[in-house]
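Visitor: Here it is, the structure, as structure tokens.
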Amino acid sequence: MAKEQAIREYWAKVPGFYERKGFDSADEFLEHGTCFACGFIYRDPPQRAHIYPHVKGGSGDPDNLHMLCYVCHKDSEHLEGDAYWDWFWERDFLSAALSLACRNGNNFGYLLPLAAASRRRPPI
Ligand SMILES: [Zn+2]
């Protein structure tokens with residue numbers, strides 16, 4: 001399976017990809033640790049997520065992989081095809097934060113250390 005750097009370099013070359021997800025530059029996008037979907041950097045490193053599922057024959061090449069935080073990976077693992085892409089383009093920090101809070105007993109205080117640890121400010 002492709003390594004994180006190869007995955008980032010592939011998607012950095014796709015016209016408009018990182019700009020549409022709110023990254024300011026290719027250099028910012030190429031930084032290790034950011035989630036392609038929500039743009040955040042969590043304490044846990046992002047995971048390689050298949051766009052077309054591995055169990056259905058999806059490859060481990062960079063064009064079939066995104067780097068997602070564990071929250072986004074969990075939320076998207078049942079999605080494929082257009083449903084995945086619709087989710088991906090709509091996903092932002094706020095929806096990821098709400099998902100994380102819901103996973104932790106609706107405790108929004110759980111989000112504070114994550115926000116402090118992030119190098120990107122949430123869009124709120
Ligand atoms: Zn994420």
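Just so you know, all these numbers are worked out from the coordinates, no wet-lab data involved. Keep in mind that this is a model prediction, so the values were computed, not measured. Neighbour counts are summed over all protein chains in view; Cβ atoms, including those assigned to glycine, are modelled from backbone coordinates with ideal geometry.
Visitor: Near the amide H of LEU65, under 5 Å away, which other amide H atoms are found, from residues 5 or more places off or on another chain, if H is placed in the peptide plane?
Guide: Here the answer is ILE51, since their amide H atoms fall under 5 Å of that of LEU65.
Visitor: Normalised by the number of residues in segment 4-117, what is the relative contact order in percent for Cα pairs under 8 Å and 6+ residues apart?
Guide: 24 percent.
Visitor: Any chance you could run the full-extension gain for LEU94 through ALA26? It's 0.36 nm times the residue separation minus the Cα-Cα distance, nm to one decimal.
Guide: Result: 22.2 nm gained on full extension.
Visitor: So if I place +1 on the C-beta of Lys and Arg and -1 on the C-beta of Asp and Glu, and nothing else carries charge, what would the dipole magnitude of the chain be about its Cα centre? I want it in debye, nearest 20.
Guide: It comes to approximately 360 debye.
Visitor: Rounded to the nearest angstrom and ordered from largest down, what semi-axes does the equivalent ellipsoid of segment 4-117 get from its C-alpha gyration tensor (root of 5λ)?
Guide: Equivalent ellipsoid semi-axes, largest first: 23, 17, 12 Å.
Visitor: Now a separate question. In the chain, with Lys and Arg counted as +1 and Asp and Glu as -1 at Cβ, which of these residues, GLY33, ALA2, SER59, has the Cα nearest the positive end of the dipole, that is, farthest along it?
Guide: Towards the positive end, the residue furthest out is GLY33.
Visitor: Residue by residue, what Karplus-based ³J(HN,Hα) values in Hz, rounded to whole numbers, does segment 26-36 have, using 6.51, -1.76 and 1.60 with θ = phi - 60° and x for Gly and Pro?
Guide: 4, 4, 5, 5, 6, 4, 5, x, 7, 7, 4
Visitor: Also, I was wondering about something else. Nearest 500 deg cm²/dmol is fine: what mean residue ellipticity at 222 nm does the chain get from its DSSP H runs of n ≥ 4 alone, each adding -39,500 (n - 2.57), divided by its residue count?
Guide: Helices in the chain give a 222 nm mean residue ellipticity of -11000 deg cm²/dmol.
Visitor: Classify segment 27-78 as rounded, prolate or oblate, taking a ≥ b ≥ c as the square roots of the eigenvalues of its Cα gyration tensor: rounded when a/c is under 1.5, otherwise prolate if a/b is larger than b/c and oblate if not.
Guide: oblate
Visitor: With θ set to phi - 60° and the Karplus curve 6.51 cos²θ - 1.76 cosθ + 1.60, what are the ³J(HN,Hα) couplings of segment 45-61 in order, to the nearest whole Hz, using x for Gly and Pro?
Guide: x, x, 10, 7, 10, 6, 7, 9, x, 4, 5, 9, x, x, 7, x, 7
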